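To start, the structure itself, in structure tokens.
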Amino acid sequence: MFLRNAWYVCAFSHEVNRNPLGRILLNEPIVFFRRQDGGVVALEDRCSHRGFPLHKGRLVDDTLECGYHGLTFDCSGRCIRIPGQSEVPARAAIRAYPVIERWGLVWIWMGEAADADPRGIVDWHILGDGARDMRGEHLHVRCNYQLITDNLLDLSHISFVHPRTLGSAARLNEAQVENEITDDHVTTARWLPDIAPPPTYARFNFKGNVDRFQITTFNPPGFVKLFAGAAATGTVSDRRSFSSEGMAGDAARSRAGDVVGLYTFNAMTPETEHTTHYFWCISQDRESQGQSLTDNVFRDIQATVQEDVAVFEAQQRWLELKPEAPMVVIKSDAGPLAARRIIEQRLRREAGRGM
Ligand code: FES
Ligand SMILES: [Fe+2]
């Protein structure tokens, strides 16, 4: 069903405070809060007494008191108090989850705590670059998380779903697509040469046609980094200037107004088989682009994401009506299918380890 031996994003840092936050991840209810020293705690959100959600209780210093009969738990999940009795059995403990805060996001390890290795967190260090602004949203989406991955790895949908922001006229046959597929990532690079800038890019100062690029990198279970933008046609001679890490060479040296590149980071964390916590954010260079542009671009991307969410939710409902119906595979499915194969391989590996 879900990969357990993995780090997932469970919240933006700013969402976790001294009010307990309840969230279901991979069918498990989890409660998050901050200790008085600022560290983040994640505990099973289910009281060991009668199963009441602990996020409805309250923090007393660094302990969490159940809002039903007052059982109290410390940050390791140990029950330290049962009102009306002096004995507190060890089996009253609840599970504690390893968590790490990094780049404005909170990451949680859903497997055995002893296996949690922070080196397994996907490398999104660009988010931690102090010269860049990061803005994003947490969305609760009524679809399986893999529908979102599919979407981000097949950007041929842009012309049809996003004509008001990122869609150029449907010259899809001219898109040049290169896939790089390994057993732990999929990178899909799409190039649309010499094309009119779509509405969002027209906000920048392009004088004529542009060469568009979209470089998407997937890492399991549900992480997609997208580096996308445009360069004035003819200003960048070498395609290798663009990679999922950003721009180099003549693209990076290009004059302002000649080239635009934006990162979008997407973390899809399953809530259930049918619902997903979707965290997305854009990262934009503060130096080269003014604040009003950031606001406008953010609003455009936000509208774009809403259009995608409407697709996912409609698709999920229809797929549930007839889950066994076969689906036709087309050329642009190469990236999404490779990502699904990576997940299947990992699931098999976990099953083999008795997870
Ligand atoms: S359900 Fe939590 S104390 Fe009874
Ligand atoms: Fe989209």
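The values are calculated or read from the model by the stated rules, or taken from the named source; none is laboratory data. Owing to the predicted nature of the structure, the values given are computational and were not obtained by experimental measurement. Cβ: placed from backbone, ideal geometry, glycine included. Neighbour counts: every protein chain shown.
Taken across region 134-146, residues that are modelled with pLDDT under 95, in contact with a helix residue (DSSP H, G or I) (Cβ under 9 Å, 6 or more places away or on another chain), not small (Gly, Ala, Ser) and not assigned by TED's automatic domain parsing to the domain that holds VAL16 do occur, with at least one present.
Filtering region 280-303 for residues that are at pLDDT 90 or above, within 21 Å of the chain's Cα centre (by Cα) and among the small types (Gly, Ala, Ser) leaves a non-empty set.
Among the residues of region 44-62, which ones are within 13 Å of ligand 1 (Cβ to nearest atom) and outside any loop (DSSP other than H, G, I, E, B)? Before you say what the answer is, go through the steps one by one.
First pass over region 44-62, keeping only residues within 13 Å of ligand 1 (Cβ to nearest atom): 44-58.
Of everything in region 44-62, those that are within 13 Å of ligand 1 (Cβ to nearest atom) and outside any loop (DSSP other than H, G, I, E, B) turn out to be GLU44, LEU54, HIS55, LYS56, ARG58.
Any idea which residue in region 63-92 is surrounded by the most Cβ atoms within 10 Å (Cβ to Cβ), counting only those that are small (Gly, Ala, Ser), assigned to a loop (DSSP other than H, G, I, E, B) and more than 9 Å from ligand 1 (Cβ to nearest atom)?
Looking only at region 63-92, we keep the residues that are small (Gly, Ala, Ser), and these are 67, 70, 76-77, 84, 86, 90, 92.
This time we only want the ones that are assigned to a loop (DSSP other than H, G, I, E, B), so: 67, 70, 76-77, 84, 86.
Add one more test, that the residue is more than 9 Å from ligand 1 (Cβ to nearest atom), and what stays is 76-77, 84, 86.
Values: SER76: 12, GLY77: 18, GLY84: 6, SER86: 6.
The extreme case among them is GLY77.
Between THR149, THR165, THR187, the distinction of being assigned to a helix (DSSP H, G or I), surrounded by 18 or more Cβ atoms within 10 Å (Cβ to Cβ) and either more than 16 Å from ligand 1 (Cβ to nearest atom) or within 25 Å of the chain's Cα centre (by Cα) (or both) belongs to THR149 only.
When region 304-321 is limited to residues that are acidic (Asp, Glu) and more than 10 Å from ligand 2 (Cβ to nearest atom), the one that is surrounded by the most Cβ atoms within 10 Å (Cβ to Cβ) turns out to be GLU313.
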